[in-house]
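To start, the structure under review is shown below, and the notes come after it.
Values quoted throughout were computed directly from the atomic coordinates according to the rules given, and no laboratory measurement underlies them. Remember, predicted model here, so these are calculated numbers, not experimental data. Cβ sites come from the backbone with ideal geometry, for glycine too, and all protein chains shown count toward neighbours.
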Amino acid sequence: MTNLNCLLAGLFWLLGPPLTAILWHKKTGARFYPAIIACLVCLPVFFLGAAIRSCFDKSGWVGYYIRQGMLFGILEEGVKYLMLRFHLTSYDSKKDAVTYGIGHAGFEAFGIGMSCMGLIGTGRGAPDMAVMALLSVTEHLASCIALTVLIFWGICTDKWKWLLPVVMLLHAAANMSQGIFIEPAAKTIGFLLTAGECFAAYRCWRSTALWEPDAAWETEIKTDE
């Protein structure tokens, strides 16, 4: 039963993001290229973050996790902003922004999924591992997508100057909580942060059609008719 839990947990992490990307493409017509770019960009970003983190003083564990959270919050969301702002200029739809968020989540999920698979046969898998993996990968996808939508909305509405630091801080806070707090407090804080991010992203998503070029064009055509 332990091995089955490890297998299921690994499959949830490994298959969750790509299946989500396929379903999102089928539903909205969003393109896959932003997700591919997100995966490719995450690799050097995480290597750079790991190199910088290795220089941190580990004598004070609270300070260590605060610095680590801020480091990856700034790096990951900062590079995400640069990609959306300057590279993916032809992918100027909020649907494609969601795909980028899925790709970002998929890169991180791959490593976690492989770690779960590595526990098969060791007897170290927790009894609720599969259930927690399903909940965690869902939350992780939701958070990555929500933060990406917020950054994209900030770029399209020219509010990124204050919104980007907020997104970085939200990302950092989620990372900090996982290291500073024990379960179930860390999970509870993570779920609350993700719920807030999703609510904010939903409000931005629904706020105006002006940052969705296709929708704006369709509205203009209907008005002319």
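Observations, loosely collected:
- Compactness check for segment 39-113: Cα Rg over 2.2 N^0.38 Å is 1.27.
- Membrane-span-like helices in the chain (whole DSSP H runs, Cα extent of at least 27 Å along the helix axis, mean Kyte-Doolittle hydropathy of at least 0.5): 2-28, 33-53, 129-156, 160-180.
- Approximate spin-label separation Lys58-Asn3, in nm, with each point projected 7 Å along Cα-to-Cβ: 3.3
- Listed residues Trp61, Leu19, Leu88: farthest to the positive end of the dipole of segment 1-135 (Cβ charges): Leu88
- Reach of Lys95 by Cα under 24 Å, taken over lysines that are not fewer than 8 positions away in the same chain: Lys26, Lys27, Lys80, Lys159, Lys161, Lys222
- Note on the chain: helix-only mean residue ellipticity at 222 nm, from DSSP H runs of 4+ residues weighted -39500 (n - 2.57) and normalised by residue number, equals -28000 deg cm²/dmol.
- Low-density loop cleavage sites - trypsin sites (Lys or Arg not before Pro) in segment 109-162, where at most 11 other Cβ are within 10 Å (DSSP): Arg124
- Sum of side-chain charges, Glu108 neighbourhood, beta-carbon under 14 Å (Lys, Arg +1; Asp, Glu -1): -2
- Placing +1 on the Cβ of every Lys and Arg and -1 on the Cβ of every Asp and Glu, with no other charges, gives segment 2-224 a dipole of roughly 220 debye about its Cα centre.
- Efficiency of FRET between Ser90 and Leu192 - r from beta-carbon atoms, R0 30 angstrom, step 0.05: 0.25
- Zero-based 5 Å bins, Cα pair distances in the chain, whole percents: 1, 7, 13, 17, 19, 17, 12, 7, 4, 2, 1, 1, 0, 0
- Rounded to the nearest 20, the Cβ-based charge dipole of segment 1-89 about its Cα centre (Lys and Arg +1, Asp and Glu -1) stands at 220 debye.
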